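S.K.: Below is one structure. I have some questions about it.
The values are calculated or read from the model by the stated rules, or taken from the named source; none is laboratory data. All figures in this text were calculated on a predicted structure; none of them were measured in a lab. Cβ: placed from backbone, ideal geometry, glycine included. Neighbour counts: every protein chain shown.
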Amino acid sequence: MQHILSSDQFTREQLLEIFNAAKKLQDSKEIPQTMKGKILATVFLEPSTRTRLSFETSMLKLGGQVISIPNSESSSLNKGESLEDTGRMIDSYADIIAMRVPKKGQVNIFSTHISTPVINAGDGTGDHPTQNLLDLYTIWKEHGKLDGLTIGLMGDCCNSRVLRGMAKMLAEFDCKLIFIAPPEVQMRIDVKSYLKSKGKDYKIVESLDEVITDLDALEVNRIRHEYFEDKERAKEIGKQFIISKQMLEKGKEKLILLDPLPRINTYLEEVDEMPQAKYFEAVTNSLFVRMALINSLLG
Ligand code: NCD
């Protein structure tokens, strides 16, 4: 793998290799300093808290260093410089690049002429492969497997790069997928066709209550209001993804609750005390997954 651009580029073997490497790092007393003398550039042209800091922390923990364009105002892209030219330039400074952009496909354009490995850290409604890696890793770690599990993806399935990517990455395993959303923001045809092409089945429902007893894991993502013209409508739909403790009462004991965060009208704070709530643990896990990925790209 040269660049990490999409959630469907990994084989099952590659995914398991990353999870095993991440687990090994998480279990080790000391993190091997494999990135000494190497530089990670983080280029974030869309807001981020966790993803950028997680990439940077991972690189620092591996003994490497970090340079950063933390927002769209602070680079010459703001003066109109092209993504291709920006890419060529950062190529000569950094050994690896993590990049977030507002539009689908822009990371691919950026990576066209450069040899430095580029990781897509979220491209509009496109993909967010490392978020999917860390969420799958969290489920794999808790359940000891992915095959045979029933996984619910709830929220803005239509616009959420996280939910769309989860569906594609999970197609490498033998899972039952359930998309939980009102028709207006249900999973788009491209993802459904992809699943069909891989011989994978999925179920579509409108409410969590219909499937809560079946689920081994549930990932929810907020309404992605930034991609809506009608913000008021987005707000209305978004309220349907609020999850209370009571709504989860019939869930399995080993149900894994995930959310890429920020949680905006998703799990109520009362859910945090449930042993099934793993969304903050996933943030810790993200460090080891990203370390494993950096090691595999630069190893
Ligand atoms: C997600 C994203 O940016 O797509 N956040 C993240 O990376 N942790 C989810 C979101 O913004 O809702």
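S.K.: Looking at the structure I just gave you, is R88 surrounded by fewer than 19 Cβ atoms within 10 Å (Cβ to Cβ) and within 16 Å of the ligand (Cβ to nearest atom)?
M.R.: no
S.K.: Okay, next question. Show me the strands (runs of 3 or more DSSP E) entirely contained within the range 21-122 in which 1 or more residues are more than 19 Å from I4 (Cβ to Cβ).
M.R.: Fully inside the range 21-122 and qualifying: 65-69.
S.K.: Taking the condition of being surrounded by 13 or more Cβ atoms within 10 Å (Cβ to Cβ) and among the small types (G, A, S), how many residues in the range 169-198 meet it?
M.R.: 2
S.K.: Residues of the range 38-50 being within 14 Å of the ligand (Cβ to nearest atom), in contact (Cβ under 8 Å) with a residue 40 or more places away in the chain and either surrounded by fewer than 24 Cβ atoms within 10 Å (Cβ to Cβ) or assigned by TED's automatic domain parsing to the domain that holds D135 (or both), which ones?
M.R.: Matches in the range 38-50: F44, E46, S48, T49, R50.
S.K.: Which residues, taken from the range 2-20, are modelled with pLDDT under 95 and either at positive phi or assigned to a helix (DSSP H, G or I) (or both)?
M.R.: Within the range 2-20, none qualify.
S.K.: For R290, all conditions in the list (1) more than 19 Å from R222 (Cβ to Cβ); (2) away from the ligand (no atom under 13 Å from the Cβ) hold save one; what is the number of the exception?
M.R.: Here R290 meets the rest and fails (2).
S.K.: Only one of I204, I223 is of a type in the set (A, V, I, L, M), out of contact with any Leu (no Cβ under 9 Å at 6 or more places or on another chain) and buried (at least 18 other Cβ atoms within 10 Å of the Cβ); which?
M.R.: I223
To keep it simple, each residue is scored yes or no on (1) away from the ligand (no atom under 14 Å from the Cβ); (2) farther than 21 Å from E281 by Cα; (3) in the same structural domain as I97 (by TED's automatic domain parsing).
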site: I114; (1), (2), (3): yes, yes, yes
site: V118; (1), (2), (3): yes, yes, yes
site: L149; (1), (2), (3): yes, no, no
site: N159; (1), (2), (3): no, yes, no
site: R164; (1), (2), (3): no, yes, no
site: K196; (1), (2), (3): yes, yes, no
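S.K.: While we're on this one: Which of the residues spanning the range 254-269 are of a type outside the set (A, V, I, L, M), surrounded by 13 or more Cβ atoms within 10 Å (Cβ to Cβ) and not in a loop (DSSP other than H, G, I, E, B)?
M.R.: Y267
S.K.: Quick check on the range 103-111. Is at least one of its residues away from the ligand (no atom under 16 Å from the Cβ), modelled with pLDDT of 95 or more, among the aliphatic types (A, V, I, L, M) and in contact with a helix residue (DSSP H, G or I) (Cβ under 7 Å, 6 or more places away or on another chain)?
M.R.: No: the range 103-111 contains no residue that is away from the ligand (no atom under 16 Å from the Cβ), modelled with pLDDT of 95 or more, among the aliphatic types (A, V, I, L, M) and in contact with a helix residue (DSSP H, G or I) (Cβ under 7 Å, 6 or more places away or on another chain).
S.K.: Another question, then. Regarding the range 65-84, can at least one residue be identified that is under 24 Å from D127 (Cα atoms), exposed (fewer than 15 other Cβ atoms within 10 Å of the Cβ), among the β-branched types (V, I, T) and within 16 Å of the ligand (Cβ to nearest atom)?
M.R.: no
S.K.: A further question on this structure: Checking G251 against (1) out of contact with any Phe, Trp or Tyr (no Cβ under 8 Å at 6 or more places or on another chain); (2) within 16 Å of the ligand (Cβ to nearest atom); (3) part of a loop (DSSP other than H, G, I, E, B): exactly one of these is not met. Which one?
M.R.: (2)
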